[in-house]
Structure formats: structure tokens, C-alpha cells
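Before any comments, here is the structure.
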Amino acid sequence: MNETEPLISSLNGIVGQTRAVNVLRTALDAYFNDRYKTGVELAFPHSLMCGPGGTGKTLLAETVSRESCSNCHTELAQNIANPGQMQGLLMMLEAGDIVFIDEIHELTPTVQVCLYRALEEGKVFLAGNRKAVNLPPFCLIGATTDEYSLTNSMRQRFKILIRLTHYTEEEMSTLIRQRAKRLGWAIDGNSVGELAKRSRGVPRLAIRLLDAARRQASSESSDVIEAEHVRRMLEIEGVDALGFDLTEQRYLHLLRQYQGQAVRLNLLSTHMGLPRQTIEMLEKDFIRLGLVDKTEKGRVLTSQGIAHLRATAT
């Protein structure tokens, strides 16, 4: 059995995100047509991919790279601490290359200035702007969960804006079946449905749950992922009906203890022993799904949140 991470070679293999896929497919068609007509080396247009974590920004960037036959240089924004590091990254590019920067909003304003000047002028400026080095045509693809943390000047340099959304349950089911098939894993329909319901519209979570279900089946010497394997996996890992793990459930139970009173972020952080930023990240799905309200005074568990906890306890 091939356990290698499966590659998607074209946009035709992408599940969901129909609008984003159509925009990128049109841009690719135009890119190849322009290359054919001009006969010169061109780069794919600079693109910004925005959306919640785990909804396919990196996958789309990698697929564009494969479809355009371009080398892709991937970097995490937090690893580019100063303009010199950005300049070094840009100066190693060849014509037509793609540089993919994940969480691009984490770049400091100074580094963003260096980057958008390179996009605008096709050069990097060294030695206090006394020396300019020409760059080959290249494409920048940025991925972000918070596009408005980018400076306006940086955001305006992107020619294509892709907005990704959470998946429907039907799309999640298709994605789970597709991934299991590519990996050569057999899975029954009930298992697919149970995993899709708990994935909250996030492919990254669906993949993690599918991998865990497959391990459970394998531990029981089964070649097919069945509903019982999924049930036992969820019980062992402490995952509830909406796919929340034990830490996330603890957040909900903590709010419930305050019986409708708003709880401030600092208090939640102290009780849970987690940084404020971590609390803000994990509560996004609670707010999106209507389980928690975020007010000026703090966080409050909604009637839906209370109903979810009651259903989970039974």
C-alpha cells in the first residue's frame, strides 16, 4: 500500500472552492496564451489567497505551480525577519519561478516594503539603495488568514485575489472519498459521513480524522475503514459530535460554568493555561458555528452551545 502523500496535478482534481478554481483556471489559460503569443518567458500573475486555516491555500498554490510548470520556492513569513533575507530569497529566483509565502501577513512592514518594491520595479535595492539588482519575471503567491494585516501598498500589488471559504458537508464527503481512493484505503459510506460531519468544513481536519480512522482500522487488522473503527477512534481521541477535541471542549465547559455571564479573554487564558492568541484561534469555529458569542464584555455560551454540550453529555 502506498502511504505517500498524494499529489494533485491539476485544478480538475480540487474538490470544492469552485469560484477560486475557476479564477485560477482562467488565469492559467491566459498565462499560457500570452506566453505562446509573445514567445517570451513570463510569470504567472502575483496572487493573494485569503481564507480560514486548513481550507486549501497551500494546495492551490502548489497546484498552480505544477500546472504552470514552474519551480515553487516555499517560505514561512515568520522565517523572513529582515529585508536582507527577503532580498536573498528573491535573488535566487529564475525566470518564471513562483515564490510562495505562507502567512504573508506576518511579514514586518519593512520587509513588506522591500517585497512590494521588488514586485513594482522588478529590482532589489542593496547598499542603502545605491545598487539595484534586476530580477527575472517571477510570481509571488501569498497565503493569509488575515489579509487586512497586510499594508495597503502590499495588498494592492497582487493582481489576483482568491477568497476561500469553508466546505459544505457534501464537499467534505467527496474530499474524504477522493483522498482515501488516492491512498488506496477502502472506506464505507457511513464512515465517510461520520467523518464529514465532524470536519466543520475544514479539509485539514477531515484529513487528520481520516488518517486516525485508518490507523484504528489497521490496528484491528482490517483493510476497510468501517463505522465501528470511526466510533472507537473518536472515543479514544475524545472527539465530540462537531469534531472538537478535549481542549476545545474544555473551553466550552469553562464558559458554561459562568452561567451566562461574559468571560474575558484574559480569564479564559489563565484558566486554560494557554496564550491569548491560542484561545482566539480555537474559538473562531465556536463563533462561526453559533456556539459562542463574542461581546465587548467577553465570551458567552449561546443556547446552541448549551444544547451541544447537553447532547455530547448524553
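The values are calculated or read from the model by the stated rules, or taken from the named source; none is laboratory data. Since the model is a prediction, treat every value here as computed from it, not as a measurement. Ideal geometry is used to build each Cβ from the backbone, glycine not excepted, and the neighbour counts take in all protein chains shown. Surface areas here come from the heavy atoms of the whole protein model, side chains and all, with no ligands, DNA or RNA. Shrake-Rupley method; radii C 1.70, N 1.55, O 1.52, S 1.80 Å.
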Accessible area expressed per residue, the chain, with surrounding protein chains retained (probe 1.4 Å, Å²): 52 Å²
Where Rh is the Kirkwood radius over Cα pairs, Rg/Rh for the range 264-314: 0.99
Taking only pairs that are 8 or more places apart or on different chains, how many Lys pairs in the chain have Cα atoms under 28 angstrom apart? 16
Going through the range 196-252, which GluC sites (Glu not before Pro) have at most 11 other Cβ atoms within 10 Å and a DSSP loop state? 220
Volume per residue, Å³, of the convex hull around the alpha-carbon atoms of the range 120-268? 227 Å³
Among bridges DSSP assigns within the range 38-194, what percent are antiparallel (round to 5)? 20 percent
What order, most packed first, do the peptides 133-141, 292-300 have when packing is the mean number of other Cβ atoms within 10 Å of each residue? 133-141, 292-300
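Could I get the Rg over Rh figure for the chain? Both from C-alpha atoms, Rh via Kirkwood, rounded to two places.
Reported Rg/Rh, Kirkwood definition of Rh: 1.03.
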Per-residue HN-Hα couplings for the range 35-41 [Karplus 6.51, -1.76, 1.60; θ = phi - 60°; Hz; x = Gly/Pro]: 5, 5, 6, 8, x, 10, 6
Check which residues have an amide H placed less than 5 Å from residue 123's amide H, if you skip close sequence neighbours. 135
Pairs of Cα atoms farther than 15 Å apart, the range 93-152, %: 54 percent
Return P(r) of the range 202-259 (all Cα-Cα pairs; 5 Å bins starting at 0; whole %; ordered from short to long distances). 4, 18, 25, 20, 13, 9, 6, 3, 1, 0
Let me see the pair-distance distribution of the range 151-211: every alpha carbon pair, 10 Å bin width, integer percents in order. 22, 41, 15, 17, 6, 0
At a 1.4 Å probe, what is the % contribution of carbon and sulfur to the accessible area of the chain? 49 percent
Using alpha carbon centers only, the range 112-148 is separated from the range 287-306 by a whole-angstrom value of 42 Å
How much accessible surface does residue 123 have with a 1.4 Å probe, in Å² rounded to 10? 70 Å²
Taking H as built 1.01 Å from N, whose amide H comes closer than 5 Å to the amide H of residue 73, not counting residues under 5 places away? 98, 99, 100
Give me the net charge for the shell around residue 133: Cβ to Cβ below 13 angstrom, other residues only, Lys and Arg +1, Asp and Glu -1. +3
Ratio for the range 1-152, C-alpha Rg to 2.2 N^0.38 Å, reads 1.08
Ratio of Rg to Rh over the range 7-93 (Cα coordinates, Kirkwood Rh, two decimals): 0.99
Take every DSSP beta bridge with both residues inside the chain and express the antiparallel ones as a percent of the total, to the nearest 5. 30 percent
Which order do peptides 183-193, 263-273, 52-62 fall in by mean Cβ count within 10 Å, highest first? 52-62, 183-193, 263-273
Can you list the HN-Hα couplings for the range 105-122, worked out from phi with the Karplus curve (6.51, -1.76, 1.60; θ = phi - 60°), rounded to whole Hz and with x for Gly and Pro? 5, 7, 5, 5, x, 5, 5, 4, 4, 4, 6, 6, 5, 5, 5, 6, 10, x
Stokes-Einstein D for the range 63-207 at 4 °C, 1.567 mPa s, Kirkwood Rh over Cα pairs, in µm²/s? 74 µm²/s
Taking Cα atoms, how many degrees apart are the long axis of helix 227-237 and the longest axis of the chain, rounded to 10 and kept between 0 and 90? 80 degrees
Inter-probe distance in nm under a simple model that places probes 7 Å from Cα toward Cβ, at residue 34 and residue 253: 5.6 nm
